[in-house]
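J.: Dropping a structure here in structure tokens format, bear with me for questions.
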Protein chains: 4
Amino acid sequence: MNIGFFHDRAQGANKRQRTRAAMLDATVRLVAQKGMAALRINDITEEAGLANGTFYNHFSDKDEVLLEAALGIAAEVSRQLDTDMTEIDDAPSRVVTATRRFINIVLAEPDWAALLISGTEHLPQLRDDASQYLRADLERGVAQGRFEIEVSGFLLKQILALIQVAVSSQLLAGLDARQTDQTCEAILRMLGLTPADARRLCASA
Amino acid sequence: MNIGFFHDRAQGANKRQRTRAAMLDATVRLVAQKGMAALRINDITEEAGLANGTFYNHFSDKDEVLLEAALGIAAEVSRQLDTDMTEIDDAPSRVVTATRRFINIVLAEPDWAALLISGTEHLPQLRDDASQYLRADLERGVAQGRFEIEVSGFLLKQILALIQVAVSSQLLAGLDARQTDQTCEAILRMLGLTPADARRLCASA
Amino acid sequence: MNIGFFHDRAQGANKRQRTRAAMLDATVRLVAQKGMAALRINDITEEAGLANGTFYNHFSDKDEVLLEAALGIAAEVSRQLDTDMTEIDDAPSRVVTATRRFINIVLAEPDWAALLISGTEHLPQLRDDASQYLRADLERGVAQGRFEIEVSGFLLKQILALIQVAVSSQLLAGLDARQTDQTCEAILRMLGLTPADARRLCASA
Amino acid sequence: MNIGFFHDRAQGANKRQRTRAAMLDATVRLVAQKGMAALRINDITEEAGLANGTFYNHFSDKDEVLLEAALGIAAEVSRQLDTDMTEIDDAPSRVVTATRRFINIVLAEPDWAALLISGTEHLPQLRDDASQYLRADLERGVAQGRFEIEVSGFLLKQILALIQVAVSSQLLAGLDARQTDQTCEAILRMLGLTPADARRLCASA
DNA sequence: GATGAATGAGTATTCATTCAT
DNA sequence: AATGAATGAATACTCATTCAT
């Protein structure tokens, strides 16, 4: 049970890094299965095929391993999200593209989706990271005269909540492109676009 | 430390009911303070001024007391919410009124807000109850030709998520009527109203 | 394995006090057997015939139970030591009587001797208590013109060290009245009495 | 952090000896700082600037390194103590000189003092070594008709206890020549000298 | 020899639950 | 019904020791 994102990333690294990666991957799997609250240190090491004491050679406590796992996954999602975004200029298109991509990226790795869903409440850092990009696109849309809104932290929370609904819903019930479309439309409507414009911009490939 | 919603409701009832009420109120206060995960049985009885063993004379475990507390609060919120709703016919007005009222009712008792926020993840029943009323109003709006949507469970989740954002945001940062207005507007926009119509219907008294 | 000083003292008290006493007695026995460093919580409860968790219903940690056990024993020793001391006026006789009695009292209960020996390093309070009485007798002897010394904390430490040597030596090798006599003589010599006077005052009954 | 008695002694020796010396010095420093009970293997190697596994290339366990460190220090103290002792014939003078020197030697290196103080309880060997020299001087004093005592193991323990009081007191409160004087006087009084003779022989330079 | 990561037995501590009073 | 002491399984964490590199 050693495969996983951190394992892949630690290929060729020294033993310490590979052991660490095994525990990070185990953490991701376990949080996805049972949630953060039910995460136990012994489960992590067992899932990673290690002795319990090994955990403390690498992390000082549960929070530390959780934070590192979540930030690692978030960074990877962020990396995949950024691809070719510079080519898109139109703010509504940027928002739709980012939203759809984010949803698809995390649902392609359900463990990531589950981890990030669990993490948003406890790890404000995750939310903050995501907010940076989104805020820029919202301001771009205002500047382009496309969004009829005032950019605020509260608005960001609203949009992120809608995205979270899309992810958690599909995580439970399976992939459903219509829900992703509907999420994009809802966001654009919230931002002031007409239902017709929103529909047009969100129509799946 | 015996006052609280359940205590009031048990005025004049027999001793068993009053003891039970004390623990329910204690549960509400403690969940509001520290969250569900940190809730301990001994804390409940101590907060209620009772001996720890008394808990098991009334509840079989933590989930039971939590469920009963949350449903009790939810029923009361629902009761307050219903007042005079029959006089409102216009679907968008119904949605706005219900949303605004709900937010104000729970924020008037921050412990209720905190409990319901904590509870939505773990107690699907809460969500389902709220959905009933909302679904009816959405269908009414479709029938009236005011909403440009398809009513679905997913749409209900989206709207409830926006309401939850409003509640949790104001629970942390203090009451802010503009956030409530903005939430109502966002919901109406999502439902297909124009920004102008949404604005008009949501302007605070 | 419930008999012991604290058990006797808790006769007729409520269950809580009796359980507490059982753990205090267990602590005394275990420290006497293996020393303070080797004391484990589980050993205490096992020796007391209780479940491990019970410890924490009564004490917050090892230090607390140790302190309470040591102070309880010390208070009892002190109580036994005081008997009829008011009848003795002559300072050298007081010192000799107190020294001899102390040694005999604690050696009559070897566990007490062992506990107090172990405790002196870690529990300065024990040493301080003993010092009070001794200091008074030394000052009396100076006032009576019998001791050729200056009373100081350092002098008290010297005398207590000699007493400790007597106790620990007899604890290991068995009772030996000559060592007690020799200790009394050494103390009187240290205080300025001639060897002849010291010998005379210390001759065992 | 490599300097220390064993480091100096291993100058010019092979690497194995120097590595060993680094751990012995680290042990001395750590015991002085925190006591024997709190000594951890990893702390020793870290303090010595080595990898933890290295410890077991040189010592089989904690007791071994402690014993070697203590005996090494004790041998050095003994060496310094012996200088010019052959020139002193008078037994009381020998005892006073040895006592004063011992106290000054160990307090000149507070780590040594702390180590030896910690060690006396657990390492009977240390006590035995010291006893050899002292016993000879006591017997000399008896033969010279200067001491009014019977030489015994118990008497040796008494004298060593007084020396230990002097060392630990000054270790805590700082050097105080009067305490050393007082210790010498107390020992001579114990050995049967008159207070006046004791005073005369112990007056500090 | 030195390294340092891994090991796992040992120990402390918490807390839901039981039950005699 | 209420009490509150006792229970013991669950869990976290430490650290001496081993061993492959």
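The values are calculated or read from the model by the stated rules, or taken from the named source; none is laboratory data. If you're wondering where the values come from, they're calculated on a predicted model, not measured in any experiment. Using ideal geometry, Cβ is built from the backbone for each residue, glycine included, and neighbour counts are taken over all protein chains shown.
J.: Quick check on this structure: which one of D:198, D:143, D:108 is surrounded by 22 or more Cβ atoms within 10 Å (Cβ to Cβ) and small (Gly, Ala, Ser)?
T.: D:198
J.: How many of the residues in the range B:11-39 are under 22 Å from residue B:114 (Cβ atoms) and either within 16 Å of DNA strand E (Cβ to nearest atom) or not acidic (Asp, Glu) (or both)?
T.: Summing the residues that are under 22 Å from residue B:114 (Cβ atoms) and either within 16 Å of DNA strand E (Cβ to nearest atom) or not acidic (Asp, Glu) (or both) in the range B:11-39 gives 19.
J.: Could you list, in sequence order, the residues of the range B:58-82 that are among the basic types (Lys, Arg) and under 24 Å from residue B:97 (Cβ atoms)? Walk me through how you get there before you give the answer.
T.: Kept after step one, since they are among the basic types (Lys, Arg), are these residues of the range B:58-82: B:62, B:79.
Across the range B:58-82, the qualifying residue is only B:79.
Per-residue answers, yes or no, for (1) near DNA strand E (Cβ under 8 Å from one of its atoms); (2) hydrophobic (A, V, I, L, M, F, W, C):
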{"position": "B:41", "(1), (2)": "yes, yes"}
{"position": "B:46", "(1), (2)": "no, no"}
{"position": "B:51", "(1), (2)": "no, yes"}
{"position": "B:61", "(1), (2)": "yes, no"}
{"position": "B:64", "(1), (2)": "no, no"}
{"position": "B:68", "(1), (2)": "no, no"}
{"position": "B:74", "(1), (2)": "no, yes"}
{"position": "B:80", "(1), (2)": "no, no"}
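J.: For the range C:167-190, enumerate the residues that are of a type in the set (A, V, I, L, M, F, W, C) and within 8 Å of chain D (Cβ to nearest Cβ).
T.: Matches in the range C:167-190: C:186, C:190.
J.: State which residue pairs qualify: first residue over 17 Å from residue B:203 (Cβ atoms) and among the polar types (S, T, N, Q) and inside the range B:80-108, second residue part of a helix (DSSP H, G or I) and at pLDDT 95 or above in any location, beta carbons under 7 Å apart, and separation of 6 or more residues or different chains.
T.: Within 7 Å, the pairs are B:80/B:105.
J.: For the range C:13-23, give me each residue that is surrounded by 16 or more Cβ atoms within 10 Å (Cβ to Cβ) and in a loop (DSSP other than H, G, I, E, B).
T.: none
J.: Could you figure out which of (1) within 18 Å of the chain's Cα centre (by Cα); (2) within 13 Å of chain B (Cβ to nearest Cβ); (3) modelled with pLDDT of 95 or more isn't true of residue A:135?
T.: (2)
J.: Could you run through the range C:59-71 and say how many residues are crowded, with 19+ Cβ neighbours inside 10 Å and closer than 22 Å to residue C:131 by Cα?
T.: 3
J.: Yes or no: residue D:3 of a type in the set (Val, Ile, Thr), modelled with pLDDT under 95 and either surrounded by fewer than 15 Cβ atoms within 10 Å (Cβ to Cβ) or assigned to a helix (DSSP H, G or I) (or both)? Walk me through how you get there before you give the answer.
T.: On the way: of a type in the set (Val, Ile, Thr): yes; modelled with pLDDT under 95: yes; either surrounded by fewer than 15 Cβ atoms within 10 Å (Cβ to Cβ) or assigned to a helix (DSSP H, G or I) (or both): yes.
Here the answer is yes, as residue D:3 does meet what is asked.
J.: Then there is this: Residues in the range B:182-205 that are in a helix (DSSP H, G or I) and among the small types (Gly, Ala, Ser): how many?
T.: Quick first cut of the range B:182-205, residues in a helix (DSSP H, G or I) only: B:182-190, B:195-202.
Then keep just the ones that are among the small types (Gly, Ala, Ser); that gives B:186, B:196, B:198.
The number of residues fulfilling the criteria is 3.
J.: Kindly provide the set of residues from the range C:34-57 that are in contact (Cβ under 8 Å) with a residue 24 or more places away in the chain and within 29 Å of residue C:100 (Cα to Cα), ordered by number.
T.: Result: C:35, C:36.
J.: In addition: Can you spot a residue in the range D:139-160 that is without any contact (Cβ under 8 Å) to a residue 40 or more places away in the chain and closer than 23 Å to residue D:28 by Cβ?
T.: No, because not a single residue in the range D:139-160 is without any contact (Cβ under 8 Å) to a residue 40 or more places away in the chain and closer than 23 Å to residue D:28 by Cβ.
J.: Now for a separate question. Would you mind stating whether residue A:168 is under 25 Å from residue B:197 (Cβ atoms) and hydroxyl-bearing (Ser, Thr, Tyr)?
T.: Here the answer is no, as residue A:168 does not meet what is asked.
J.: Does the range D:122-129 contain at least one residue that is modelled with pLDDT of 95 or more and surrounded by fewer than 18 Cβ atoms within 10 Å (Cβ to Cβ)? Spell out the reasoning first.
T.: Within the range D:122-129, the first condition is being modelled with pLDDT of 95 or more, and the residues that meet it are none.
Scanning the range D:122-129 turns up no residue that is modelled with pLDDT of 95 or more and surrounded by fewer than 18 Cβ atoms within 10 Å (Cβ to Cβ).
J.: Further question: Sort through B:172, B:155, B:162, B:188 and tell me the only one that's aliphatic (A, V, I, L, M) and surrounded by fewer than 19 Cβ atoms within 10 Å (Cβ to Cβ).
T.: None of the others qualify; the one that does is B:172.
Here's the yes/no breakdown for (1) farther than 16 Å from residue B:105 by Cβ; (2) of a type in the set (Gly, Ala, Ser); (3) out of contact with any Leu (no Cβ under 8 Å at 6 or more places or on another chain):
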residue: B:37; (1), (2), (3): yes, yes, yes
residue: B:42; (1), (2), (3): yes, no, yes
residue: B:46; (1), (2), (3): yes, no, yes
residue: B:53; (1), (2), (3): yes, yes, yes
residue: B:65; (1), (2), (3): yes, no, no
residue: B:69; (1), (2), (3): yes, yes, no
residue: B:82; (1), (2), (3): no, no, yes
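J.: Still on this structure, I have one more. Taking the range C:33-61, which residues are away from DNA strand F (no atom under 14 Å from the Cβ) and either among the basic types (Lys, Arg) or at positive phi (or both)?
T.: Matches in the range C:33-61: C:34, C:35.
J.: Please indicate, with yes or no, whether at least one residue in the range B:138-157 is facing another protein chain (nearest Cβ under 9 Å), within 30 Å of residue A:34 (Cβ to Cβ), of a type in the set (Ser, Thr, Tyr) and part of a helix (DSSP H, G or I).
T.: The answer is no; no qualifying residue exists.
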